[in-house]
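Below is one structure, written out as structure tokens; comments come after it.
The values are calculated or read from the model by the stated rules, or taken from the named source; none is laboratory data. All of these numbers come straight from a predicted model, not from anything done at the bench. As a convention, Cβ positions derive from the backbone with ideal geometry for all residues, glycine included, and neighbour counts pool all protein chains shown.
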Amino acid sequence: MHQKLPKELDPFRLAQNGLKLEGQIPLADLPRLTQSLLSDQGMVDVKMAFDIDEVGTPYMKGEFSVSVSLTCQRCMSAMALDLNVDCLLALVKSERKVEGLAEQYEPWLLESNDPVLTSTVIEDELILSLPLVPKHDIACLPDNIWTAGDDNIITEDEKPVSPFAVLSSLKTKK
Ligand SMILES: [Zn+2]
């Protein structure tokens, strides 16, 4: 189950040959994703099936899953989230072809025949699946928030500021 994926793919050739890939990629190889996460520890489970549909469109059906750690924007503490991406991407060589795609597809624009980095498409899809405002499913803030202690420490200033973040930072100022 710990197969390594190839670093690079030739998607059109894979589709022509109807090949499947399965393996894992470390989160640490996906820096654009991990900059939004609290940790880059973990492995993404990856399944990719390439083929050509009945009208001749080459496509990739992908399943990517990983458990990530994010900052809850309500209580500002860590939360675990399982990302499970199912995608169906049509391989297109130019923007012009995007319009004619059957509607079940998202376009995967590949403007040359050069191999592409395997990590790029996985990273893009996982980033798209991140919640805009991650929050615990449960009511994670206690009712006594206005008198709660000062154990919420804000470490990242660049994050978009939510009203709760402002509240939290006010609480930590004496
Ligand atoms: Zn929370």
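Would you check if there is a residue in the stretch 76-94 being hydroxyl-bearing (Ser, Thr, Tyr), at pLDDT 95 or above and closer than 23 Å to Glu106 by Cβ? No, the stretch 76-94 has no match at all.
Ala80 meets each of the listed conditions (1) within 23 Å of Ser129 (Cα to Cα); (2) more than 16 Å from the ligand (Cβ to nearest atom); (3) small (Gly, Ala, Ser) apart from (2). Taking the stretch 43-129 and the strands (runs of 3 or more DSSP E) fully enclosed by it, the elements with 2 or more residues that are in contact (Cβ under 8 Å) with a residue 12 or more places away in the chain and of a type in the set (Phe, Trp, Tyr) are at 58-71.
Yes or no, residue by residue, for (1) surrounded by fewer than 18 Cβ atoms within 10 Å (Cβ to Cβ); (2) out of contact with any strand residue (DSSP E or B) (no Cβ under 7 Å at 6 or more places or on another chain):
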site: Met60; (1), (2): no, no
site: Gln73; (1), (2): no, yes
site: Ala80; (1), (2): yes, no
site: Val92; (1), (2): no, no
site: Leu101; (1), (2): yes, no
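Kindly evaluate Asp40 against the criterion of being at pLDDT below 95 and among the charged types (D, E, K, R). Against the criterion (at pLDDT below 95 and among the charged types (D, E, K, R)), Asp40 does not qualify. Exactly one residue among Ala148, Ala139, Ala102 is at pLDDT 55 or above, over 14 Å from Pro11 (Cβ atoms) and within 16 Å of the ligand (Cβ to nearest atom), and that residue is Ala139.
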